[in-house]
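Worksheet: one structure, shown below.
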Amino acid sequence: MGGWAIAIHGGAGVDPNLPVERQETAKQLLTRCLNIGISALRSSLPSIDVVELVVRELEADPFFNSGRGSALTTKGTVEMEASIMDGPGRRCGAVSGVSTVKSPVSLARLVMEKSPHSYLAFSGAEEFARQQGVETVDNEYFITEDNVGMLKLAKEANTILFDYRIPTHGLDTCSAAVDSPLVMNGLPISVYAPETVGCVVVDSKGRCAAATSTGGLMNKMMGRIGDSPLIGAGTYACDLCGVSCTGEGEAIIRGTLAREVAAVMEYKGLGLQQAVDYVVKERLDQGKAGLIAVSKDGEVAFGYNCVGMFRGCATEDGFMEVGIWE
Amino acid sequence: MGWAIALHGGAGDIPLNLPPERREPREAALRHCLDIGVAALKHNKSPLDVVELVVRELENNPHFNAGKGSVLTTDGTVEMEACIMDGRTKKCGAVSGLTTVVNAISLARLVMEKTPHIYLAFDGAEAFAREQGVETTDKSHFITSENIERLKQAKEANRVQIDYTQPIPKEPTKETTVADGDSQIGTVGCVAVDNQGNLATATSTGGLVNKMVGRIGDTPIIGAGTYANGFCAVSATGKGESIIQATVARDVAALMEYKGLSLEEAAAYVVGECAPKGTAGLVAVSAKGEVTMQFNTTGMFRACATEDGHSEIAIWPSV
């Protein structure tokens with residue numbers, strides 16, 4: 001017990017037919033980011049710094065849905081969001097609707113530390129970014145060919161199936177080739193798309209921190225905010241633990257998933273893994289999601305109720321693991 | 001069991017010597033909103049309908065910090081946000097950054113019922129409003145001279161701080177007390193339960209005086225300012241940043257569920273122990289028809305009623 005621990009994720013809900021080369025690329029990326037976090041922890045960087053630096057790394061890589069490689073809105077643009085929380089003192093920062101800032105998680109940290117607020121969005125967030133002098137780029141920087149292709153697919157399916165103005169009873173006669181149409185929040189939503197990145201860390205002083213970053217849902221409505229920037233939903237950290245969630249944003253919000261893990265530890269006295277299992281089993285209703293968590297005692301845990309979650313974790317005693325499936 | 005309803009018009013540093021011309025219109029508004037909420041419950045309207053209609057009424061009243069009468073951003077503009085949640089299904093809807101929508105709470109309800117999402121903000125939310133044909137108006141409609149004055153005084157106070165060359169304080173004292181003594185923070189909200197135990201909550205606000213453009217508070221964050229499930233419905237008000245950190249609304253319900261506390265005990269714990277003094281208040285009802293209204297600020301504009309005939313309208317702590 002005790003000692004540092006780190007967990008990262010690259011999204012829950014993985015295409016079961018993901019080609020092997022893509023799986024390998026994912027595992028290499030997770031391993032690289034995990035190692036960056038581990039080095040930082042060995043250099044005694046506090047957990048809040050470690051989660052930020054690991055998520056920055058995940059944002060910079062186009063493989064996962066955050067920063068570069070973010071999912072696209074219905075207009076083909078990128079609107080990113082992120083949040084970060086520091087367990088001691090429960091300080092937090094979040095941003096939404098970020099379109100030119102290279103590292104949304106770092107902007108979220110600046111909101112926490114350099115503004116009188118906890119959450120800034122859209123033009124206000126972009127303005128703050130300029131005031132703070134953070135690195136900005138054109139919106140095109142974040143857009144990848146892969147995602148342009150995915151958006152096209154999602155739109156083709158949507159115009160026949162998933163447009164929320166069209167009733168669902170046309171589903172079975174539709175000719176678009178969709179193997180497993182997803183239902184979200186009671187309405188059909190999208191094809192498979194990668195989903196969010198996150199990192200949770202407890203340092204050797206027992207301080208927990210969490211950070212999450214995403215481009216959101218493929219083909220989302222302009223202005224749609226998901227769970228990732230919402231404290232208590234996608235991200236939470238307190239004295240007991242640090243949690244980052246991924247999956248169907250709407251289900252995570254309804255279940256206040258990240259806070260829930262801490263609440264059952266605090267109010268029901270559950271241990272970390274028990275809390276994670278309980279929350280995934282009992283708090284998701286029809287929703288599909290996953291989460292990673294660390295406790296102040298150096299434990300690490302994860303859980304998900306969907307097909308796969310890109311993840312990695314490591315603890316001070318030398319344990320290290322990267323995975324996608326069960 | 002029985003129906004119950006509670007509503008608030010904001011918690012904050014409401015001075016005990018609030019002059020009658022500032023106190024009476026608000027008390028009258030609270031009474032009026034309580035009456036229409038109670039009438040709706042007696043007519044078997046769903047709690048979700050009740051909380052929406054009461055909050056619409058509060059939004060339309062220029063004396064509260066929501067809809068017309070919303071406080072101003074540092075640019076002198078209005079950015080409204082709102083949130084609604086159905087305890088029975090845990091479906092919810094939220095909006096932020098609205099500038100022309102007359103009733104933010106109704107748009108939040110449309111997000112919940114007419115989209116696959118929960119939360120829409122800024123331009124996207126305004127576009128959705130037009131698609132849905134909700135009532136919109138000129139941005140100037142929401143701005144009152146009182147709020148122009150509040151903003152002016154807040155900016156003057158900030159300027160004084162800067163003259164002392166102190167860094168922007170990280171501790172929560174961002175509000176400045178205005179000469180007329182009105183509270184700077186506030187929000188409106190309503191919670192209701194019918195005699196079947198179905199719960200609902202709704203909250204709406206203009207946010208913090210002199211807030212940065214794009215600042216989002218606790219109101220639209222499920223679990224922070226607004227939450228309802230099978231145990232209770234909660235609407236919080238106060239310093240948004242503190243309510244977010246303390247996940248106020250969710251924690252009241254969590255304490256009931258996981259520690260078996262009563263509604264009253266859970267609310268008292270959250271307001272007393274989890275949010276710093278001077279930052280939070282809430283109204284809540286339970287599935288059993290109980291009601292509680294608690295705050296750790298000087299006062300909270302509030303009103304409640306239960307089926308057994310109890311009713312209350314108040315501003316400061318009851319003696």
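Figure legend. Inter-residue proximity from the range A:264-285: first residues within 24 Å of residue A:249 (Cβ to Cβ), second residues hydroxyl-bearing (Ser, Thr, Tyr) and part of a helix (DSSP H, G or I), beta-carbon distance below 9 Å, spacing 6+ or different chains. Indicated pairs: A:264/A:278; A:264/B:258. Among the residues of the range A:248-303, those identified as within 17 Å of residue A:90 (Cα to Cα) and away from chain B (no Cβ under 13 Å) are A:293, A:294, A:295, A:296. Across the range A:128-149, a minimum of one residue is classified as within 14 Å of another protein chain (Cβ to nearest Cβ), more than 20 Å from the chain's Cα centre (by Cα), open to solvent by less than 10 Å² (accessible area, probe 1.4 Å) and modelled with pLDDT of 90 or more. I'm trying to understand the selection: among the residues of the range B:48-83, which are over 14 Å from residue B:203 (Cα atoms) and outside any loop (DSSP other than H, G, I, E, B)? Listed by number, the list holds a single entry, B:73. For beta carbons closer than 9 Å, sequence separation of 6+ or different chains, a first residue in the range B:240-253 that is basic (Lys, Arg) and a second that is in a helix (DSSP H, G or I) and open to solvent by less than 10 Å² (accessible area, probe 1.4 Å), the qualifying pairs are B:250/A:259; B:250/A:260; B:250/A:263. Put simply, of A:78, A:105, A:111 the only residue that is open to solvent by less than 10 Å² (accessible area, probe 1.4 Å), part of a helix (DSSP H, G or I) and in contact with a Leu (Cβ under 8 Å, 6 or more places away or on another chain) is A:111.
Within the range A:241-253, the presence of at least one residue that is at pLDDT below 95 and farther than 28 Å from residue A:34 by Cβ is confirmed.
Just checking, does the range A:246-253 include any residue being in contact with a Ser or Thr (Cβ under 7 Å, 6 or more places away or on another chain), touching a residue at least 24 places away in the same chain (Cβ under 8 Å) and assigned to a loop (DSSP other than H, G, I, E, B)? No, the range A:246-253 has no match at all. The sole residue among B:76, B:67 that is closer than 27 Å to residue B:18 by Cβ and open to solvent by 10 Å² or more (accessible area, probe 1.4 Å) is B:76.
Restricting to the range B:121-147, and then to whatever is farther than 16 Å from residue B:206 by Cα, touching a Gly at 6+ places or on another chain (Cβ under 8 Å) and buried (at least 17 other Cβ atoms within 10 Å of the Cβ), can you tell me which residue is farthest from the other protein chains (Cβ to nearest Cβ)? Only one residue fits best here, namely B:128. Among residues of the range A:94-105 that are facing another protein chain (nearest Cβ under 9 Å), those with a beta-carbon under 7 Å from a residue that is open to solvent by 10 Å² or more (accessible area, probe 1.4 Å) and of a type in the set (D, E, K, R) at least six positions away or on a different chain give the pairs A:97/A:79.
Take residue A:227 and tell me if it is assigned to a loop (DSSP other than H, G, I, E, B), under 28 Å from residue B:257 (Cα atoms) and open to solvent by 10 Å² or more (accessible area, probe 1.4 Å). Here the answer is no, as residue A:227 does not meet what is asked. Within the range A:230-246, being touching an Asp or Glu at 6+ places or on another chain (Cβ under 7 Å) and either open to solvent by 10 Å² or more (accessible area, probe 1.4 Å) or facing another protein chain (nearest Cβ under 10 Å) (or both) holds for A:233, A:240.
Residues in the range B:40-62 that are open to solvent by 60 Å² or more (accessible area, probe 1.4 Å), closer than 19 Å to residue B:28 by Cα and in contact with a helix residue (DSSP H, G or I) (Cβ under 9 Å, 6 or more places away or on another chain): B:56, B:57.
Take the residues of the range B:254-272 that are at the interface with chain A (Cβ under 9 Å from one of its Cβ atoms) and buried (at least 24 other Cβ atoms within 10 Å of the Cβ): which is nearest to residue B:88 (Cα to Cα)? Among them, the one singled out is B:254. Considering only residues that are more than 10 Å from every other protein chain (Cβ to nearest Cβ) and within 20 Å of residue B:211 (Cα to Cα), look in the range B:96-120 and name the one that is most open to solvent (accessible area, probe 1.4 Å). Result: B:99. Starting from residues that are within 13 Å of residue B:6 (Cβ to Cβ) and charged (D, E, K, R), keep the ones in the range B:276-306 and report whichever is least open to solvent (accessible area, probe 1.4 Å). It comes out as B:302. Kindly indicate whether any position in the range B:283-303 is part of a helix (DSSP H, G or I) and among the charged types (D, E, K, R). So far as the range B:283-303 goes, no, none of its residues is part of a helix (DSSP H, G or I) and among the charged types (D, E, K, R). Checking each residue in the range A:255-290 for being assigned to a loop (DSSP other than H, G, I, E, B) and over 30 Å from residue A:15 (Cβ atoms) picks out A:269, A:270, A:271. Counting only residues that are under 22 Å from the mean Cα position of the chain (by Cα) and either of a type in the set (D, E, K, R) or buried (at least 21 other Cβ atoms within 10 Å of the Cβ) (or both), the range A:266-286 holds 11 of them.
The values are calculated or read from the model by the stated rules, or taken from the named source; none is laboratory data. Every value quoted in this text rests on a predicted model; they were computed, and no experiment measured them. Virtual Cβ from ideal backbone geometry, glycine too; neighbours counted across all protein chains shown. For the accessible areas, the whole protein counts, side chains as well, though only heavy atoms, and no ligand, DNA or RNA atoms are used. Shrake-Rupley method; radii C 1.70, N 1.55, O 1.52, S 1.80 Å.
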